[in-house]
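Please treat every number below as a calculation from the coordinates, not as lab data. Quick caveat: nothing in here was measured; it's all calculated off a predicted structure. So basically every Cβ, Gly included, is an ideal-geometry build from the backbone, and we count neighbours across all protein chains shown.
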Amino acid sequence: AQSVTQPDIHITVSEGASLELRCNYSYGATPYLFWYVQSPGQGLQLLLKYFSGDTLVQGIKGFEAEFKRSQSSFNLRKPSVHWSDAAEYFCAVGFSGGGADGLTFGKGTHLIIQP
Amino acid sequence: NAGVMQNPRHLVRRRGQEARLRCSPMKGHSHVYWYRQLPEEGLKFMVYLQKENIIDESGMPKERFSAEFPKEGPSILRIQQVVRGDSAAYFCASSPPGTGSGWDTQYFGPGTRLTVL
């Protein structure tokens, strides 16, 4: 069955430091890939997406992600985090076929920013 | 251009009551999706609807849950005879008409937080 794994439940990063959040998926073909961010008590905001083409995609708020087919990964990165980046980050995948058009989400990574 | 709107934002029900959650998609969007988020969990897909049609309800519990997206008005997620385990955040997303696939970007509403006492 298709699945999405975010191996890090919590990550703590100092303000100004670089960030990488991991996302792996299990699927035989190329899926559609998304990263969303959720602030406490809020809905989800789309950071970036990958459908095809250049495997390095740029998103909002200075985030980028790289699709690596050989590793079945779509890791999110930011060169320098800001205190306002503290939030829950979700990787989501759209798997073609199978009749379902809903996204499959990972369990999320809670990002904590240290001053 | 208003985003996806959901109401109410917070809903409290006693066990056995009915809960009705509403979702108005973004202007021009004709696809609606409902997801449920349990505490400390990611979102789980429930149902995908287009106007007057349920396209995929593979994630919906078999009993007590139903969804509709009428020709006019918002999409409704209805939970009958709520139980404590239904307490969760329910998110609606919408996407524009396109290829008919769900892989157009989904835009999420702020969610409805349901508490069952």
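Annotations for the structure displayed:
- Shape annotation for the protein assembly as shown: C-alpha extents along the principal axes are 49, 40, 37 Å, from largest to smallest.
- Inter-chain shielding of B:42-51 (mean C-beta neighbours from other protein chains, 10 Å cut-off): 4
- Ranking of A:70, B:58 by count of other Cβ atoms within 10 Å, fewest first: A:70, B:58
- Mean separation of Cα contacts under 8 Å, 6 or more apart, over the residue count of chain A: relative contact order %: 36
- Counting neighbouring Cβ atoms within 10 Å and putting the fewest first, the residues A:82, A:10, B:31 line up as A:10, A:82, B:31.
- Under 15 Å from the Cα of residue B:71 - aspartates and glutamates, other chains or at least 8 residues apart: B:52
- By the rule of a C-alpha distance below 14 Å, with chain neighbours fewer than 8 residues away ignored, the aspartates and glutamates paired with residue A:49 are A:64, A:66, B:104.
- Span per principal axis, largest first, for the Cα atoms of chain A (Å): 45, 30, 22
- Compactness of the range A:1-66 as Cα Rg over 2.2 N^0.38 Å, two decimals: 1.23
- Under 23 Å of direct C-alpha separation, and excluding same-chain neighbours fewer than eight residues apart, residue B:62 reaches these lysines: B:44, B:51.
- Averaged over peptide B:108-117, the number of partner chain Cβ atoms lying within 10 Å of each residue's Cβ comes to 2.
- Estimated FRET transfer efficiency (residue A:30, residue A:80; beta-carbon r; R0 30 Å; 0.05): 0.45
- Translational D in µm²/s for chain B (Stokes-Einstein at 10 °C, 1.306 mPa s, Kirkwood Rh from C-alpha pairs): 112
- Amide H contacts of residue B:31 (H built 1.01 Å from N, in plane; Pro and chain starts excluded): B:95 sit under 5 Å, all sequence-distant by 5 or more or on other chains.
- Fewest neighbouring Cβ atoms within 10 Å first, the residues B:66, A:84 line up as A:84, B:66.
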